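Structure first, commentary second.
The values are calculated or read from the model by the stated rules, or taken from the named source; none is laboratory data. Fair warning: this is a prediction, and the values are worked out from it, not measured in the lab. Backbone-built Cβ (ideal geometry, glycine too); neighbour counts: all protein chains shown.
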Amino acid sequence: MRQEKKRIVVKVGTSTLTHEAGAPNLRRMEQLARILADLQGSGNEVILVFSGAIAVGTSRLGLKERPGELRVKQAAAAVGQCRMMHIFDQFFAEYNQSAAQILLTGDDVEDAGRAEHLRRTFSALLEMGVIPVVNENDSVSSAEIETGSHKVLGDNDTLSAVVAKLCRADLLVLFSDIDGLFDSNPRENPGAQLLHRVEELTPEILEMAGGAGTWRGTGGMATKLSAARIAMEAGCDMVISNGSRMEDLYGIVEGRDIGTRFVAK
């Protein structure tokens, strides 16, 4: 039986794409480019959303630590974005795959006219077999890197969900440093169970994300559940999985029980 073709948005986090010191993790980036090019070659439509520009820019500029001043953070993001896009473009080219860069701000998706132009751009790129590579435009938008500021976007989990909704994607995959959503803290409870399937964001499920000061909140689970709500309401399944096992993407696309799948309404 032929596999049904899907429109897939894949978001990969900083911890997956960079080393601890902030340098790009070339092995992971190459593996990701190969798998996405393969999925695209098999007839699927693929969009990549990635994090890590500030970390890479900080390393590239020889800064000892992540900048604290907003303007320096934005400068580091601009340098890191250039570096990472260059690497991705080279790796995709090795697999005969074209890529395109799209940088977004909240205003781009809030304004109906601009959002429609974006949708048409994504549509044209996908029709031509190009993989759009997306990130927030941190050099002009401070929503993500300036804590406390509110915008439509504000973190790349939310950004990827907004892109999935905008492009009417079938599947959103969030690769992070966690296996998925557990029913309790696996660091404290060896018997914690991974939830493979979530069909509704009940108060009990939302409680599992914890607050900003908890192990889950620190790891970004709260933002992932916010992204799940956007995706599910837009008719798009979302899966949280561990980026250290990038090959799992094949099984996720096939619908296997990998990570935690939030089922669309």
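In the set Arg197, Arg168, Arg187, which member is among the basic types (Lys, Arg) and modelled with pLDDT under 90?
Result: Arg187 is the single residue among Arg197, Arg168, Arg187 that is among the basic types (Lys, Arg) and modelled with pLDDT under 90.
Would you pick out the residues in segment 26-53 that are without any contact (Cβ under 8 Å) to a residue 60 or more places away in the chain and either more than 20 Å from Leu249 (Cα to Cα) or buried (at least 19 other Cβ atoms within 10 Å of the Cβ) (or both)?
The one that is without any contact (Cβ under 8 Å) to a residue 60 or more places away in the chain and either more than 20 Å from Leu249 (Cα to Cα) or buried (at least 19 other Cβ atoms within 10 Å of the Cβ) (or both): Gly52.
So Glu110 passes all but one of these: (1) touching a residue at least 40 places away in the same chain (Cβ under 8 Å); (2) in contact with a His (Cβ under 7 Å, 6 or more places away or on another chain). Which condition number does it fail?
All conditions pass for Glu110, except number (2).
Of the conditions (1) among the polar types (S, T, N, Q); (2) out of contact with any His (no Cβ under 7 Å at 6 or more places or on another chain); (3) at pLDDT 95 or above, Thr260 clears all except one; give me its number.
For Thr260, the failing item is (2).
Suppose the filter is polar (S, T, N, Q) and at pLDDT 90 or above; does Ser226 pass it?
Taking the combined requirement at face value, the residue satisfies it.
I'm checking my understanding of the structure. Among residues of segment 103-138 that are closer than 21 Å to Ala55 by Cβ and touching a strand residue (DSSP E or B) at 6+ places or on another chain (Cβ under 8 Å), which one is modelled with the highest pLDDT?
Filtering first and then ranking leaves Val133.
What number of residues in segment 171-184 are at pLDDT below 90 and surrounded by fewer than 23 Cβ atoms within 10 Å (Cβ to Cβ)?
3
Given the condition on the phi > 0 side of the Ramachandran plot, exposed (fewer than 14 other Cβ atoms within 10 Å of the Cβ) and free of Cβ contacts under 8 Å to residues at least 24 places away in the same chain, answer yes or no: does some residue in segment 54-77 qualify?
yes
Out of curiosity, is Thr223 crowded, with 18+ Cβ neighbours inside 10 Å, of a type in the set (Val, Ile, Thr), closer than 23 Å to Thr18 by Cα and in contact (Cβ under 8 Å) with a residue 12 or more places away in the chain?
It is true that Thr223 is crowded, with 18+ Cβ neighbours inside 10 Å, of a type in the set (Val, Ile, Thr), closer than 23 Å to Thr18 by Cα and in contact (Cβ under 8 Å) with a residue 12 or more places away in the chain.
Evaluate the following for Ala115: is it free of Cβ contacts under 8 Å to residues at least 40 places away in the same chain, in contact with a Leu (Cβ under 7 Å, 6 or more places away or on another chain) and either closer than 25 Å to Ala169 by Cβ or of a type in the set (Asp, Glu) (or both)?
No.
Please specify each residue of segment 242-265 satisfying the condition of being over 17 Å from Ala164 (Cα atoms) and in a strand (DSSP E or B). Give the steps one after another, and end with the answer.
Just the residues of segment 242-265 that are over 17 Å from Ala164 (Cα atoms), to begin with: 242-248, 250-251, 254-260.
Selection gives Asn242, Thr260.
Taking segment 17-55 as the search range and keeping residues that are in a helix (DSSP H, G or I) and either touching a Cys at 6+ places or on another chain (Cβ under 9 Å) or among the polar types (S, T, N, Q) (or both), which one is farthest from Glu4 (Cα to Cα)?
Pass one, segment 17-55, residues in a helix (DSSP H, G or I): 17, 26-41, 53-55.
Checking which are either touching a Cys at 6+ places or on another chain (Cβ under 9 Å) or among the polar types (S, T, N, Q) (or both) leaves us with 31, 40, 53.
On the way: Gln31: 23, Gln40: 13, Ala53: 34 Å.
Only one residue tops the list, namely Ala53.
Might you let me know whether segment 88-96 holds any residue that is assigned to a loop (DSSP other than H, G, I, E, B) and either modelled with pLDDT under 95 or not aliphatic (A, V, I, L, M) (or both)?
The answer is yes, given that some residue of segment 88-96 is assigned to a loop (DSSP other than H, G, I, E, B) and either modelled with pLDDT under 95 or not aliphatic (A, V, I, L, M) (or both).
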